[in-house]
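Engineer: Take this structure, written in structure tokens, and hold onto it; I'll ask about it next.
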Amino acid sequence: FEDETPNTVKNLVKLVEEKAFDGVKFAKVADALRISKAVPFFVKIETSSRAAKEGFLVVRKAEGRGDVAGATFDILLKDPAESAEWTVIGRVKGDRAVLMGVTDQDSIQSASVLRKRPTPYEPERINP
């Protein structure tokens with residue numbers, strides 16, 4: 001998904017490498033698990049031609065700003081009925097049944113990127 005949304009993917013990888021999500025609690029919203037972290041920057045929103053589906057990771061546009069995203073990501077638990085204010089940036093691999101059992105009391109112990117390109121992951125970030 002990096003070919004379509006390179007800066008957005010760079011931002012996620014950089015946040016994971018900075019351990020920004022370690023210890024963050026999940027929020028269950030509608031048909032998704034939300035992972036949200038307050039960060040002092042935005043990234044310009046990129047669009048993806050991919051349709052959102054169950055198991056996909058999407059980034060949400062920043063509230064009140066249609067042109068940027070922060071650090072709010074959703075893992076879709078089922079195919080959405082319609083497109084929302086998000087950009088598809090990846091997918092969760094492995095047993096999705098585990099995701100269905102996640103509650104608001106669960107948190108990310110440690111996030112990691114399993115596969116990435118050998119290029120630097122330095123996103124273009126925008127100060128608010």
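The values are calculated or read from the model by the stated rules, or taken from the named source; none is laboratory data. From a predicted model like this one, the values you see are computed outputs, not experimental measurements. Please note: Cβ atoms are built from the backbone with ideal geometry, for glycine as well, and neighbour counts cover all protein chains shown. Side chains included, ligands, DNA and RNA excluded: accessible areas come from the protein's heavy atoms. Shrake-Rupley method; radii C 1.70, N 1.55, O 1.52, S 1.80 Å.
Engineer: Determine the pairs where a residue that is in contact (Cβ under 8 Å) with a residue 24 or more places away in the chain and acidic (Asp, Glu), located within segment 44-60, has a partner that is open to solvent by less than 30 Å² (accessible area, probe 1.4 Å) and in a loop (DSSP other than H, G, I, E, B) with Cβ atoms under 7 Å apart, the partner being 6 or more residues away or on another chain.
Structural biologist: From residues that are in contact (Cβ under 8 Å) with a residue 24 or more places away in the chain and acidic (Asp, Glu), the pairs are Glu46/Thr5; Glu54/Leu77.
Engineer: With the requirement that a residue be under 16 Å from Phe56 (Cβ atoms) and open to solvent by 90 Å² or more (accessible area, probe 1.4 Å), what does segment 99-113 give you?
Structural biologist: Result: Met100, single match.
Let's see how each residue does on (1) more than 20 Å from Thr119 (Cα to Cα); (2) open to solvent by 20 Å² or more (accessible area, probe 1.4 Å); (3) of a type in the set (D, E, K, R):
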| position | (1), (2), (3) |
| --- | --- |
| Glu2 | no, yes, yes |
| Pro6 | no, yes, no |
| Lys10 | no, yes, yes |
| Val13 | no, no, no |
| Lys19 | no, yes, yes |
| Val39 | yes, yes, no |
| Glu54 | yes, yes, yes |
| Leu57 | yes, yes, no |
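Engineer: Just need a number here: residues in segment 28-50 that are under 21 Å from Met100 (Cβ atoms) and either within 13 Å of the chain's Cα centre (by Cα) or assigned to a loop (DSSP other than H, G, I, E, B) (or both).
Structural biologist: Number of matching residues: 7.
Engineer: Could you list, in sequence order, all residues of segment 86-98 that are open to solvent by 90 Å² or more (accessible area, probe 1.4 Å) and more than 13 Å from the chain's Cα centre (by Cα)?
Structural biologist: Correct list: Lys93, Asp95, Val98.
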